[in-house]
Protein chains: 2
Amino acid sequence: MSMINIAERHKFILDKLAEKGYVNVIDLCRELDVSGVTIRKDLKLLEDKSLLFRSHGGATINNPYTNDKPVNEKEKIRWQEKYNIGQAAAALIAPNDAVIIASGTSVLALAKNIHPKGHLTVITGALNVALELLRWPEIEVIQLGGQLRSSSSSVTGPYAEKILEDFSCSKLFLGVDGIDLEFGLTTSNINEAHLNQKMIATVQKIIVLADSSKFGKRGFGRICGLEDIDEIITDNGISAHTVKALEDTGIKVTIV
Amino acid sequence: MSMINIAERHKFILDKLAEKGYVNVIDLCRELDVSGVTIRKDLKLLEDKSLLFRSHGGATINNPYTNDKPVNEKEKIRWQEKYNIGQAAAALIAPNDAVIIASGTSVLALAKNIHPKGHLTVITGALNVALELLRWPEIEVIQLGGQLRSSSSSVTGPYAEKILEDFSCSKLFLGVDGIDLEFGLTTSNINEAHLNQKMIATVQKIIVLADSSKFGKRGFGRICGLEDIDEIITDNGISAHTVKALEDTGIKVTIV
DNA sequence: AAAAGCATTCGAAAGTATTCAAAAGCGAGA
DNA sequence: TCTCGCTTTTGAATACTTTCGAATGCTTTT
């Protein structure tokens, strides 16, 4: 196989990488009928464009060391926004607080951003949130019980709701799938929505974490109306008009 | 399987670690068709990147989760035995079973070894066990609720015990800290022991997972006497005399 | 205490990377 | 067509990495 120019060689290399996940210099030399020096130069160019990872004798398509566990797509997208939102939310937590953290990627970002100053009690149904917080000896974590949903790694159902009845917390951090000015807060799972309602009933202050893509959307399960919530933390993709409407309802809007 | 270069070898090692939680040098030598020196060098490199923990003869996963030292220290040692024990225990699970899995490193090894054939219901208080099982859509996981202990990443307390009252399961898989012929089964935490008692009350068959170092030891919290249990799975470090004594009590002893 | 198993170090051999100056290719203009 | 100026490719020399077995020391088991 003889390749006329660089572009074609690069395409060949990337195609082979996509197919096999790995290429080595020697084989490419033979297949493309060029010298090793040339292949190495090609690989270096592609590496500089971060289209592959170089290693001795060849190259791989993805970094062998970022052993990415199959993080679902939702978790990847808008991570930076969620992270900033989580950071802002974490700043609202005071020493000796008792708070509830619901489930979802936004509140996981919150959990990762909590660096407790004093003692803290956290109630959550989300396994990943609980595990994140267990690192801190200052935090007492109450895990809600019940049937686990694999999509959110969190519990729902009567057992969780029953446990909630025994507690009274100062703040609830709630991640949602949709915020609609008329319809209120929604999530895509009806059981999750029901649990969230119980959570709302046991706290004094409700703080919603939602990146700006959530506004105007309606999920399947309605959680509550806008009039029930106290604060929304979102990113600057939110429209001024929406901010105005929320603030008119008496909600504090924090934009990160 | 012959791997040509480092990157692929490292990826293989990390993948295997992610799946099994433990790798040993000898097996990797065979699987990757390289010498022990090379594998050790690889493991050292990966350890320097803190992608794993080195241990005699192998390595264990360094999960950013479950990063509480107590478990990780324990996890380092005798992993091979625990893994084999977990494998044998997993073989006892039948389709459509409903089982309880307690907490500890041995039963975590069990969880990693479960590859369900049909539907399966699992009740557990251990977050790491629950997370491990959530991968399988065939498994319905019931997470117990309550206060979390960071050393074991598992719940104890009245909420967990209350949930247990509603279920009746066929088997309980129990990891313990000590097995004494007179004193019975013990664990180092009194709350854990109490929860284990409640678990025992809700199942028909009790299977204890314990590597051979546990025999003759007494932990702080007594769980039950030997007469209450049905089967023990352990490794071949157990003395013939102990096996005889256990079998005389009517316990089936499985040695892996 | 001995034996077995595992880890580390070292130098040799093979394989791979880099550099550099020479050669080859290529388009533009005479 | 030929040459000029440019980029791309190349082989050769050199430098670096990787792998391995053997020797030696360490840990665990018997």
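Of note:
- Every residue from the stretch A:180-239 that is assigned to a strand (DSSP E or B), of a type in the set (S, T, N, Q) and more than 21 Å from the chain's Cα centre (by Cα): A:Q204
- Top-ranked residue of the stretch B:50-72 - restricted to ones that are among the charged types (D, E, K, R) and modelled with pLDDT under 90, ranked as farthest from A:L133 (Cα to Cα): B:K69
- Enumeration of residues in the stretch A:169-223 that are in contact with an Asp or Glu (Cβ under 6 Å, 6 or more places away or on another chain), among the small types (G, A, S) and within 24 Å of A:Q143 (Cβ to Cβ): A:S170, A:S188
- Taken over the stretch A:16-32, the residue count meeting the criterion of being surrounded by 11 or more Cβ atoms within 10 Å (Cβ to Cβ) and over 15 Å from B:I4 (Cβ atoms) is 2.
- Selected residue (criterion: nearest to the other protein chains (Cβ to nearest Cβ)) from residues of the stretch B:34-44 that are more than 9 Å from DNA strand D (Cβ to nearest atom) and over 24 Å from B:K112 (Cα atoms): B:K44
- Candidate set from the stretch A:153-175 (those that are among the charged types (D, E, K, R) and more than 19 Å from A:N191 (Cα to Cα)); member that is farthest from the other protein chains (Cβ to nearest Cβ): A:K171
- Subset of the stretch B:9-29 [within 12 Å of DNA strand C (Cβ to nearest atom) and more than 25 Å from the chain's Cα centre (by Cα)]: B:C29
- For the stretch B:88-126, the set of residues classified as in contact (Cβ under 8 Å) with a residue 60 or more places away in the chain and in a helix (DSSP H, G or I) consists of B:A88, B:A89, B:T105, B:S106, B:V107, B:L108, B:A109, B:L110, B:K112, listed by residue number.
- Hey, B:G145 on the phi > 0 side of the Ramachandran plot and buried (at least 21 other Cβ atoms within 10 Å of the Cβ) or not: no
- Candidates B:E31, B:E8, B:E19, B:E47, filtered to the one that is within 9 Å of chain A (Cβ to nearest Cβ) and either at pLDDT 95 or above or in a helix (DSSP H, G or I) (or both): B:E8
- Residues that are at the interface with chain B (Cβ under 8 Å from one of its Cβ atoms), under 25 Å from A:A91 (Cα atoms) and not acidic (D, E), drawn from the stretch A:129-152: A:A130, A:L131, A:L134, A:R135, A:P137, A:V141, A:I142, A:Q143, A:L144
- Among residues of the stretch B:170-184 that are closer than 13 Å to B:L110 by Cα, those with a Cβ under 6 angstrom from a residue that is polar (S, T, N, Q), sequence gap 6+ or separate chain, pair up as B:G175/B:S106.
- Total residues in the stretch B:127-164, condition part of a helix (DSSP H, G or I) and small (G, A, S): 2
- Selected residue (only one of A:A91, A:A102 is surrounded by 23 or more Cβ atoms within 10 Å (Cβ to Cβ), modelled with pLDDT of 95 or more and away from chain B (no Cβ under 14 Å)): A:A102
The values are calculated or read from the model by the stated rules, or taken from the named source; none is laboratory data. Since the model is a prediction, treat every value here as computed from it, not as a measurement. We place every Cβ from the backbone using ideal geometry, glycine too, and count neighbours over all the protein chains shown.
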